[in-house]
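> This structure is in structure tokens; I'll ask about it shortly.
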Amino acid sequence: MLRAEHGLEPAKHDACPEMMTLGRVSDRERSTTVAEALRLADEAARAHDLTLTWELSEGDDGRAVAVHRATLSDSVGTVLGRAAGKGVGKQSLASALFEAYEHAGARGLLPRQRHGRAWEVLPPPDFEQFDLLSTYAHDTRPTTAQATVPFHALLDIHPVRTGRRIVYPAVAADFAYHGDEAESDLVVLERYSTTNGYAAGATAEDALVHAVNELVERDALSQHLLSSVIRPRPLHRIRGGEPPELKRALETVETFLAGEAVVVDVTAHTGCVVMAHLRPADSATALVGMGCSLFPDIAFERAVTELYQEWKAYAAGVTFADEGGREPDNLDSYPLLRRAAEVPAPRWASQGSYGDFLRDRAPNNPSGEAHLLTSLRQNGFEVFWRSLWEHTDDADGKGRGVHVVQVIAPGLEQFYGIMLCRPLVPVGRLYSPETCAALLKGVDE
């Protein structure tokens with residue numbers, strides 16, 4: 001069931017007119033209204049004897065950037081998933097509720113969740129792009145079994161259409177799996193196992209859109225972090241003319257953290273990716289918000305609302321160490337890696353207004369029928385997916401409910417994981433022996 005905390009009343013779906021229609025730019029990538037999303041999340045919880053609780057970090061007038069927090073618990077009160085949602089108005093609440101399911105699914109904790117793991121010899125990698133993770137796992141154990149997870153090629157999203165089946169090393173791709181002593185030779189790959197690529201949505205299509213966006217987003221962040229310490233890459237700054245609620249959000253964060261927020265276009269090769277960056281006056285490590293979409297206005301909104309979300313977490317004392325990461329001094333032996341983990345400020349060679357950005361980065365297909373999946377495939381990146389859990393509303397008749405999925409794209413970069421302050425190197429399109437050697441050069445070399 002859905003329950004509010006701290007004196008807040010649960011959302012009444014028939015009493016909130018602003019929740020009955022979407023109206024925000026990011027809603028073009030969702031198939032349900034916010035009110036319907038809340039109902040579906042609640043219905044799934046009730047069907048499985050789960051409890052969803054939520055709270056709002058500050059007042060919400062329906063037009064401001066907000067951060068809701070949600071907790072998904074089982075019948076005895078054990079927490080299965082916690083999440084913070086970002087967005088404008090009640091979008092943030094719907095985001096938080098579905099992300100609570102996502103986080104529970106990534107940890108393998110949802111009722112009767114399937115994991116699909118097997119113990120087998122990993123076949124040689126057969127991907128269009130180089131992928132160090134599967135290559136390392138296969139070369140380390142060419143004839144010895146290891147834990148694997150199955151995926152299918154994602155050929156289309158609307159509707160979902162799948163292709164060939166592959167298996168991938170579980171230690172690198174399954175966040176719920178932790179290798180034991182039997183896989184001590186593969187334990188280094190756990191550094192690349194994160195919740196990136198997991199998503200929940202009211203339909204499988206919604207979840208897959210979110211998950212693919214996130215893969216592209218983190219690939220672009222990886223390139224920014226790497227280019228910040230090796231081969232600088234000038235960017236384009238977006239400044240002036242932002243929508244009022246996003247401008248207020250940026251100004252609020254700047255005021256409280258005594259720093260300047262810089263929003264830049266960090267698109268690498270696919271879609272549109274925006275980064276909002278701010279280094280607090282009292283911290284060596286910057287806060288960043290990322291946004292990705294086929295549409296520039298959606299990417300911009302997501303980046304700003306995520307920076308706002310990161311500020312709220314920072315103000316509450318949350319660090320990457322709370323998410324399984326290490327403290328920055330864990331990288332003291334590797335100066336370039338530590339610099340990258342601190343997220344250096346972006347360098348820009350040009351700047352223009354928000355309006356200019358929307359005009360210059362407008363998609364070729366404004367109807368939105370295409371998706372980043374098409375662009376990825378055109379650029380030589382295969383995407384694979386698996387369904388982790390679903391609950392559909394029988395009365396709905398449209399397959400809507402709560403769907404949790406995971407996607408991977410061998411070759412897309414995962415260097416962003418350096419923000420958890422664990423030594424790692426590029427493993428996809430940015431990999432080279434020379435780059436790895438430079439990053440791992442110690443202070444005494």
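The values are calculated or read from the model by the stated rules, or taken from the named source; none is laboratory data. This one's a predicted model, so the numbers in the text were calculated from it and none came from an experiment. Note that each Cβ is placed from the backbone with ideal geometry, even for glycine, and that neighbours are counted across all protein chains shown.
> Out of the range 372-392, which residues are closer than 17 Å to S134 by Cα and of a type outside the set (A, V, I, L, M, F, W, C)?
Here is the first cut: in the range 372-392, the ones closer than 17 Å to S134 by Cα are 381-385.
If the condition is that a residue be closer than 17 Å to S134 by Cα and of a type outside the set (A, V, I, L, M, F, W, C), then E382 is the only one that fits.
Residues checked against (1) under 23 Å from A66 (Cβ atoms); (2) in contact (Cβ under 8 Å) with a residue 60 or more places away in the chain:
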position: A261; (1), (2): yes, no
position: C272; (1), (2): no, yes
position: M275; (1), (2): yes, yes
position: R279; (1), (2): no, yes
position: S283; (1), (2): no, no
position: L287; (1), (2): yes, no
position: T305; (1), (2): yes, yes
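> Regarding L226, is this residue at pLDDT 95 or above, closer than 19 Å to A345 by Cβ, over 15 Å from the mean Cα position of the chain (by Cα) and of a type outside the set (G, A, S)? Even if it seems obvious, please write down each step before you answer.
Values: at pLDDT 95 or above: yes; closer than 19 Å to A345 by Cβ: yes; over 15 Å from the mean Cα position of the chain (by Cα): yes; of a type outside the set (G, A, S): yes.
Judged against the criteria, L226 is a match.
> When you go through V288, V266, V274, V262 one by one, which is the residue that is of a type outside the set (D, E) and touching a Gly at 6+ places or on another chain (Cβ under 7 Å)?
Values: V288 fails: touching a Gly at 6+ places or on another chain (Cβ under 7 Å); V266 fails: touching a Gly at 6+ places or on another chain (Cβ under 7 Å); V262 fails: touching a Gly at 6+ places or on another chain (Cβ under 7 Å).
Just a single option satisfies the conditions, and that option is V274.
> Okay, next question. Could you tell me whether any residue of the range 81-91 is of a type in the set (A, V, I, L, M, F, W, C), in contact with an Asp or Glu (Cβ under 7 Å, 6 or more places away or on another chain) and within 30 Å of A315 (Cβ to Cβ)?
Of the residues in the range 81-91, the ones of a type in the set (A, V, I, L, M, F, W, C) are 83-84, 88.
Filter again for in contact with an Asp or Glu (Cβ under 7 Å, 6 or more places away or on another chain), leaving 83, 88.
Next, from what is left, pick out any that are within 30 Å of A315 (Cβ to Cβ): 83, 88.
Checked the range 81-91: at least one residue is of a type in the set (A, V, I, L, M, F, W, C), in contact with an Asp or Glu (Cβ under 7 Å, 6 or more places away or on another chain) and within 30 Å of A315 (Cβ to Cβ).
> Let me ask something else. Any residue at all in the range 389-397 that's of a type in the set (S, T, Y), more than 19 Å from G271 (Cα to Cα) and touching a residue at least 40 places away in the same chain (Cβ under 8 Å)?
From the range 389-397, those of a type in the set (S, T, Y) are 392; that's our starting set.
Applying the additional criterion that residues be more than 19 Å from G271 (Cα to Cα) yields 392.
Going one step further and asking which of them are touching a residue at least 40 places away in the same chain (Cβ under 8 Å), we end up with none.
Within the range 389-397, not a single residue is of a type in the set (S, T, Y), more than 19 Å from G271 (Cα to Cα) and touching a residue at least 40 places away in the same chain (Cβ under 8 Å).
> Next up: Spot the failing condition for E242; the list is (1) within 26 Å of S193 (Cα to Cα); (2) modelled with pLDDT of 95 or more, and only one is missed.
(1)
> Continuing with the same structure: Among the listed residues T305, T285, T270, which satisfies the condition of being surrounded by fewer than 21 Cβ atoms within 10 Å (Cβ to Cβ), among the β-branched types (V, I, T) and either modelled with pLDDT of 95 or more or more than 21 Å from S92 (Cα to Cα) (or both)?
Being surrounded by fewer than 21 Cβ atoms within 10 Å (Cβ to Cβ), among the β-branched types (V, I, T) and either modelled with pLDDT of 95 or more or more than 21 Å from S92 (Cα to Cα) (or both) holds for just one of T305, T285, T270, which is T285.
> May I ask you to verify whether G116 is more than 21 Å from the chain's Cα centre (by Cα), at pLDDT below 95 and not acidic (D, E)?
Numbers: more than 21 Å from the chain's Cα centre (by Cα): yes; at pLDDT below 95: yes; not acidic (D, E): yes.
It is true that G116 is more than 21 Å from the chain's Cα centre (by Cα), at pLDDT below 95 and not acidic (D, E).
> Would you confirm whether or not the range 120-129 contains a residue that is part of a strand (DSSP E or B) and either farther than 15 Å from A44 by Cα or not assigned by the TED database to the domain that holds K247 (or both)? Break it down stepwise before answering.
Of all residues in the range 120-129, those part of a strand (DSSP E or B) come to 120.
So of that shortlist, the ones also either farther than 15 Å from A44 by Cα or not assigned by the TED database to the domain that holds K247 (or both) come out as 120.
Yes: one or more hits.
> Can we say D60 is assigned to a loop (DSSP other than H, G, I, E, B), at pLDDT below 90 and either over 20 Å from the mean Cα position of the chain (by Cα) or on the phi > 0 side of the Ramachandran plot (or both)? Lay out the reasoning, then the answer.
Numbers: assigned to a loop (DSSP other than H, G, I, E, B): yes; at pLDDT below 90: yes; either over 20 Å from the mean Cα position of the chain (by Cα) or on the phi > 0 side of the Ramachandran plot (or both): yes.
Yes.
> Right, here's the next one. Within the range 94-108, is there a residue that is assigned to a loop (DSSP other than H, G, I, E, B), surrounded by fewer than 18 Cβ atoms within 10 Å (Cβ to Cβ) and not polar (S, T, N, Q)?
First, the residues of the range 94-108 that are assigned to a loop (DSSP other than H, G, I, E, B): 107-108.
This time we only want the ones that are surrounded by fewer than 18 Cβ atoms within 10 Å (Cβ to Cβ), so: 107-108.
Okay, now just the ones that are also not polar (S, T, N, Q), so 107-108.
Scanning the range 94-108, I find at least one residue that is assigned to a loop (DSSP other than H, G, I, E, B), surrounded by fewer than 18 Cβ atoms within 10 Å (Cβ to Cβ) and not polar (S, T, N, Q), so the answer is yes.
> How many residues, within the range 260-303, are part of a loop (DSSP other than H, G, I, E, B) and either closer than 16 Å to L215 by Cα or not basic (K, R) (or both)? Don't jump to the end; show me each part of the working.
Narrowing the range 260-303 to residues part of a loop (DSSP other than H, G, I, E, B): 260-261, 266-271, 279-286, 294-295.
Cutting the leftovers down to either closer than 16 Å to L215 by Cα or not basic (K, R) (or both) gives us 260-261, 266-271, 280-286, 294-295.
Going through the range 260-303 one residue at a time, the tally reaches 17.
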